[in-house]
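Notes follow once the structure below has been shown.
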Amino acid sequence: MPNNIQAELSHKFTLRIIELVFTTIVLSLIFRPFFIDLPIYFLLIGIAELFLMTGFYFIVRLNLLPKWEITLSLLIALIIILPTLAISGGVNSQMVYFLPLYPILAALLGGHRESLALTVTLVAGTILATIFSEYIVDLTGGVYSKEMSTARGFWLTISIILSAFFGHFFLQRYTEVTKQLKEENTLDPLTGLLNSRGLNTHFSKELEETAITSSPLSLILIDIDYFKKINDRYGHDVGDICLIEVANVLSSTLRKRDIIARFGGEEFIVILPNTTKNQAALIADDLKNVISKQKFSDFNLPITITLGVTDSRGQHDNALKMIKRADKALYRGKDKGRNCVELSE
């Protein structure tokens, strides 16, 4: 999923959660007096929470701190639950058994940063609540025990820390699996180069960068000459070995910033950021010469390539147009006898 779409979904999700919590607080302030008689300061706490949620809602709504929305929402959720914990006795409350779930939830919704911030806050709050447990109001009428409060505070702290480690390893594993799936979806299984999906992703980014900065962008389309004859004479397994070796030579010859993909069959495509068409022509000529000097597979087969070169032509240009221009140049090169570099008109 593209990053901008993922960010937009996360933004909308945060808004819906805020609206739900906001509604819950309002209903609580309206209907709680009919069901339970609490001291006046709990009403003041509810009003303070209402103002806090209102301010946070506008921060999210106006997209003022997009990178911190999840972090702030999790911390505010803690602030809102604290009065409930105070009502039922702090670390002695049955509600505290839900707190170890917060680091895992933070890891799933946010990431390492959110989980760490929440874990530090919870551990510090638990330690303070344990130290000052005898001063925390307990409206449930429970009998205070220093030994029990200390034991519960200790095990609660341990549970929160273990939960944070579990969330960290879960997120790490999830990241590895996601990366593996992404690579499988964007890499060509034979050559290890980008496939069409991966190419489209990188191509779109480079075109956007070119439109913003007005920097040059060039493209080289490469075709292995008479590759069908290799497959017909030596077999497709030898043809695959040649493809792998040609891909390795091309990628090792290019610059680190250049992007190369297998475009299908025996064709490759190279994107050259910050490169004019004349500079791209020189790079293409180097690629042609390097390939023509090599021998490929166990049969030491000579291979040549034909290359079509084009460049980006303003904001109204796109990937399809550039590839079509390079393809036309490539076929002109084939008509001229192959093993050459041809520039687009």
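The values are calculated or read from the model by the stated rules, or taken from the named source; none is laboratory data. The model shown is predicted, which means the values in this text are computed figures rather than measured ones. So basically every Cβ, Gly included, is an ideal-geometry build from the backbone, and we count neighbours across all protein chains shown. These area figures cover heavy atoms from the full protein model, side chains too; ligands, DNA and RNA do not enter into them. Shrake-Rupley method; radii C 1.70, N 1.55, O 1.52, S 1.80 Å.
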Packing rank of 331-341, 279-289, where each peptide gets the mean count of other beta carbons within 10 Å, highest leading = 279-289, 331-341
What residue among Gly239, Tyr331, Leu287 has its Cα farthest toward the positive end of the dipole of the range 196-343, where the charges are +1 on Lys, Arg and -1 on Asp, Glu, each on the Cβ?
-> Tyr331
Choice from Leu65, Leu75, Leu109 with maximal GNM fluctuation in the chain (Cα, 10 Å cutoff) = Leu65
Springs between alpha-carbon atoms under 10 Å, Gaussian network over the chain: tell me which of Glu209, Glu245, Glu147 tops the mean-square fluctuations.
-> Glu147
In Å², rounded to a whole number, the accessible area per residue of the chain with probe 1.4 Å is 59 Å²
Dipole in debye (nearest 20) - the range 172-298, about Cα centre, beta carbon charges: Lys, Arg +1; Asp, Glu -1 = 260 debye
Work out the P(r) tail for the range 150-272: percent of alpha carbon pairs separated by more than 26 Å, whole number.
-> 46 percent
Placing each pseudo-label 7 Å from Cα in the direction of the beta carbon, Phe154 and Ser292 end up separated by a distance in nanometres of 8.0 nm
What's the extension gain from Thr304 to Lys321 if we count 0.36 nm per residue and subtract their Cα-Cα distance?
-> 3.5 nm
Distance (nanometres) between label positions extended 7 Å along Cα→Cβ at Ile47 and Arg113 | 3.6 nm
Using alpha carbons only: equivalent-ellipsoid semi-axes of the range 196-343, gyration tensor based, whole Å | 27, 15, 13
Carbon and sulfur atoms account, in whole percent of the 1.4 Å probe accessible area of the chain, for 63 percent
Dipole of the chain [Lys/Arg +1, Asp/Glu -1 at C-beta], most positive-end residue of Met53, Thr150, Leu162 = Met53
Taking the chain as a Gaussian network, Cα atoms linked when under 10 Å apart, which of Phe299, Phe263, Phe154 shows the biggest mean-square fluctuation?
-> Phe299
Can you run phi through the Karplus equation (6.51, -1.76, 1.60; θ = phi - 60°) for the range 121-131 and list ³J(HN,Hα) in whole Hz, with x for Gly and Pro?
-> 5, 5, 5, 4, x, 5, 4, 5, 5, 6, 5
Note the per residue figure in Å³ for the convex hull of the C-alpha positions in the chain.
-> 177 Å³
What's the center-to-center distance, using Cα atoms, between the range 276-345 and the range 208-272 in Å?
-> 9 Å
